[in-house]
Amino acid sequence: MDKVPLLESLPPAILTDSAWVDFLHFVACGKPVVRTKVKNEFSLRVLQQWCSTRRLFFLEGNDRYVCIGSDAEITQKVLEIDQSPQPHVFELGQMLGYPKCCCEFVSTVGESQIDELEIQVTNWNFCGQFRLIDPKGYLFGTSLICHIPCSTTCAASLQLAHTAIKYIRINQNYAFTGRWKRWY
């Protein structure tokens, strides 16, 4: 699967801005599955068709959440974990390709407190090269990581951000990279 056309062909009107960061990690960082929410029922069907023509597995979960991956078994497992009533923050994070240290950090607050933790983390002061792991732009689709980092100096998150920015810079002539223009 050629990954540049995959991102270039994503139907922008149906995706939330944050989904772009998840798809960036899917193509550039080896993220095994994209778990995202679509805007509405129409968006759901358009994305399903897009996945079908690209031989990606598409599974619909609850509340317009979807899982998209190139491996049917892993995609199914992510959906099952996501919909499990059992605590699953750590396991889901690992399945989505997030650093272990960050999964451990987020799992300490539990699923019900993730949004509050995200707000706290976006107020942290990321300095120097670690500005690359500031998740503040995630909801706008402009961050370089798609998870909550465990600290302002998380080396594993920085490695993912470097991989993402390298991919963006190599492909900066494609329209889809425009949202990350501030990084190149």
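The values are calculated or read from the model by the stated rules, or taken from the named source; none is laboratory data. Since we're looking at a predicted model, the values are computed, not measured. Positions of Cβ are generated from backbone atoms using ideal geometry, with glycine treated the same way; all protein chains shown enter the neighbour counts. These area figures cover heavy atoms from the full protein model, side chains too; ligands, DNA and RNA do not enter into them. Shrake-Rupley method; radii C 1.70, N 1.55, O 1.52, S 1.80 Å.
Please check: in the Gaussian network model of the chain (C-alpha springs, under 10 Å), which one of Cys67, Cys51, Cys127 has the largest mean-square fluctuation. Checking each option, the largest mean-square fluctuation is seen for Cys127.
Placing +1 on the Cβ of every Lys and Arg and -1 on the Cβ of every Asp and Glu, with no other charges, gives the chain a dipole of roughly 800 debye about its Cα centre. The Kirkwood radius of the range 36-184, taken over pairs of alpha-carbon atoms, gives through the Stokes-Einstein law at 4 °C and 1.567 mPa s a diffusion coefficient of 77 µm² s⁻¹. Candidate cross-link partners of Lys166 among the aspartates and glutamates, defined by an alpha-carbon separation under 18 Å and a same-chain spacing of 8 or more, comprise Asp2, Glu8, Asp22, Asp134.
Measuring only protein heavy atoms, the 1.4 Å probe finds Trp50 accessible over about 20 Å². Among residues other than Cys103 with Cβ under 13 Å from its Cβ, the summed charge is -2 (Lys and Arg +1, Asp and Glu -1). At a probe radius of 1.4 angstrom, the accessible area of the chain per residue rounds to 51 square angstrom. Beyond 23 Å, what share of the Cα-Cα pairs of the range 1-89 is found? Please give it as a whole percent. Result: 15 percent of Cα pairs exceed 23 Å.
Could you identify which residue out of His25, His147, His162 has the top mean-square fluctuation in a GNM of the chain using Cα springs shorter than 10 Å? Top of the fluctuation ranking is His162.
In this structure Phe57 has an accessible area near 90 Å², from a 1.4 Å probe over the protein heavy atoms. Asp115: net charge of surrounding residues, Cβ under 15 Å, Lys/Arg +1, Asp/Glu -1, itself excluded? The answer is -2.
If you take every residue apart from Val89 with its C-beta less than 11 Å away from the C-beta of Val89, what net charge results, scoring Lys and Arg +1 and Asp and Glu -1? Net of charged neighbours comes to -4.
Here the accessible area is traced with a 1.4 Å probe on the protein chains. For the chain, carbon and sulfur cover 51 percent of it.
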